[in-house]
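Before I ask anything, let me first share the structure, which is written out below as structure tokens.
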Amino acid sequence: PASPVKRWEVAPSSLVARGEPPLQRIDLTVESGETLRACELRVWSGERLLAEKELGELVKGTNAVSVLLKEPETPVPTRWVLSDGRRTLAEQVLTWNPPRHWTLYVLKSAHVDIGLHDSQYKQRLMGVDFIDQARRLADETAGWSEASRYRYVVEGLWWWLNYPRDRSERLAGEIARDYVKAGIFDIGASHSGNHTQVYGMEELCRSAYYLRELRSRWDVPGETMLMVDNNGITWPLVTAYADAGIKNLAFLPNAWNPTTVGGTRIDVGWDSKLPHLFYWYGPDGKSRLLVWANPHYISTGDHFGIGTCRKQSWSVPPPETIAPQMAKQLALLESRYPYDVWLVSNYDDNETPNLRFPALAKTWNARWRWPELRTVGDLSEPFREVEKRFGDRISTLRGDITGGWAQHPLSTPPLLARKRAADRLLPVAETLATLARLVDPDFVYPSVAFRRAWDALVCNDEHGYGTSYYKGRPVYDTWMQKRDWIDRGLATAQTESARALTTLAALAASEGPSVFVFNPTLHPRCE
């Protein structure tokens, strides 16, 4: 009689259970027109029986069954036979490959928009408090396994540089020495998730200066930056930031609007034709950053089945409930990439440091040897690992990561116009002040004022532009702070330009009204 089995699929996964010998999870799908009693699986390679397993009763309809079989050491041609003890119900021929032994680095942080979900001073307090809370959790889990102990990443330098100001230099030094250098914490190497599309060129370069402070005060290398919740990055950033010593960029967008590289959609979805991991070459053709893109900073963990650990009302799920989605996602990655290392972002806005993911990783790793779930303390570690083993197979891209959130800075054109005026005038003021200092030893170069002015403009250009779902007082507080930052930057540029020009003009004797002309070309002119 004809077999009642209408569909018979065999899908070896990359999940390998702990134990000796290592056992690989095999997912079986059986669609039957009738209930099948006492089914069994046999796996043959030629005339040699490799494995057999009792499956028990399969009901009418679609059955999803998983079995654990000894993983092969080399690719093996195989024939998978489903029977009910009396007859063969279905067969499938496939090459049974050794499972890929994945390591998933799961990034936990707190995304704190500067002025988007609350006013800037409240976000500053929150970010500093989170560092203290993270330190306590790291100490609490010091005895946990290396892979699953609590680790934390401070998203950017704005949050970190506020810490010694609000706590103390001593406490900041302790964290840098005992946690950052130990690979338990890390600090993103950029200021924040800035709207780099509204940077002036000089502002772009100055935004990399924060790294000097990180390196000189705390001896932290700062080689990896995070760009989070911002779906665009201007192309010249590659040259400026690579020159500053940044090597890697984790691009964790909010895929609210399309994001593109060189005019083509980038990885806001797993179906993108462009790679999620690539070398991004700058306009000079030589500078590059190794970029790891996730579809979304919050929901990427959902695709691996581990997104549940973000929720407040949460208990550690059994590993078996995560396994099907994990196997599906790893199969998708294996269909596109040769790697066995992946970076997974899995955190939320204003997420309070907590042990939910470390507890999940601890439970998962006790059940499964592969994939191993690892907490991220050293941001550069996954980049180093993938580059060390697969550097010659990483793709390359060039061009802008085009911003899709133009409405943010454009929503307040008067402020943006004043900010642009400050962008143009500040470099001029610095040039004039330099000339004034060179010709007049009594002229005091305003280095602190200039540094504060650039800091104000960079802080203003953080992506939390205040056009979210605000209403009431938080809107007023947010824009009051932004206006103050812009006005301070512009006022410094105007004041210091005028002061330097006064010094320079005093060197040229004149009678009556006069005009001071500056030749910036470095070539003699007499017109």
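Over all distinct Cα pairs, what is the inverse of the mean 1/r for the stretch 156-199, reported as the Kirkwood hydrodynamic radius in Å?
About 11.5 Å, per the Kirkwood formula over Cα pairs.
Provide the per-residue ³J(HN,Hα) series for the stretch 450-455, in order, calculated from phi with Karplus coefficients 6.51, -1.76, 1.60 and θ = phi - 60°, each as a whole number of Hz, with x at glycine and proline positions.
5, 4, 5, 5, 5, 4
Same structure, new question: Which angle from 0 to 90°, rounded to the nearest 10, does the C-alpha axis of helix 157-166 make with the longest principal axis of the chain?
Approximately 70 degrees, to the nearest ten.
Then there is this: Compute the relative contact order of the chain as a whole-number percentage, counting only Cα pairs closer than 8 Å that sit 6 or more residues apart in sequence.
For the chain, the relative contact order is 17 percent.
Would you compute, from DSSP H runs of 4+ residues alone, the mean residue ellipticity of the chain at 222 nm, taking -39500 (n - 2.57) per run and dividing by the full residue count, rounded to the nearest 500?
Rounded to the nearest 500, the figure is -11000 deg cm²/dmol.
Residues in the stretch 189-204, backbone N under 20 Å from the label point at ASP349 (7 Å along the Cα-to-beta-carbon vector): list them, ranges by number please.
192-196
Going by average Cβ neighbours within 10 Å, how do the peptides 248-254, 56-62, 219-225 rank, with the highest at the top?
248-254, 219-225, 56-62
Follow-up question, since we're still on this one. Taking 7 Å along the Cα-to-C-beta vector as the label spot, tell me the SER447-ASP243 distance in nanometres, rounded to one decimal.
2.1
Continuing with this model, one more query. If you line up the long axis of helix 319-334 against the longest principal axis of the chain, both from Cα atoms, how many degrees apart are they, to the nearest 10?
70
Another one. Apply the Debye scattering formula to the stretch 402-450, with a single equal point scatterer on each alpha-carbon and no solvent, then give log10 I(q)/I(0) at q = 0.15, 0.16, 0.22, 0.27 Å⁻¹.
-0.57, -0.61, -0.80, -0.97
Pairing the Cα long axis of helix 356-367 with the longest principal axis of the chain, what angle in degrees results, from 0 to 90 and rounded to the nearest 10?
Once rounded, the angle reads 30 degrees.
How many nm separate the modelled label positions at ARG42 and TRP270, each set 7 Å beyond the Cα in the direction of the Cβ?
3.6
For the chain, build the charge dipole from Cβ charges (+1 Lys, Arg; -1 Asp, Glu) around the Cα centre, then report which of VAL198, LEU332, VAL76 sits farthest towards its positive end.
Positive-end residue among those listed: VAL76.
What is the ratio of the Cα radius of gyration of the chain to 2.2 N^0.38 Å, where N is its residue count, to two decimals?
1.22
Out of all DSSP beta bridges with both ends in the chain, state the antiparallel percent to the nearest 5.
Details: 53 of 79 bridges.
Rounded to the nearest five, the antiparallel share is 65 percent.
Additional query: For the stretch 1-126, with only Lys/Arg (+1) and Asp/Glu (-1) charged at the beta-carbon, what is the dipole magnitude about the Cα centre, in debye rounded to 20?
With Lys and Arg at +1 and Asp and Glu at -1, about 180 debye.
Just name one of PHE443, GLN407, PRO382: the one whose Cα is farthest towards the positive end of the charge dipole of the stretch 347-470 (beta-carbon charges, Lys/Arg +1, Asp/Glu -1).
PRO382
No lab work stands behind these numbers, since they all come straight from the coordinates. Every value quoted in this text rests on a predicted model; they were computed, and no experiment measured them. Every residue, glycine as well, gets a Cβ built from its backbone with ideal geometry; the counts of neighbours run over all protein chains shown.
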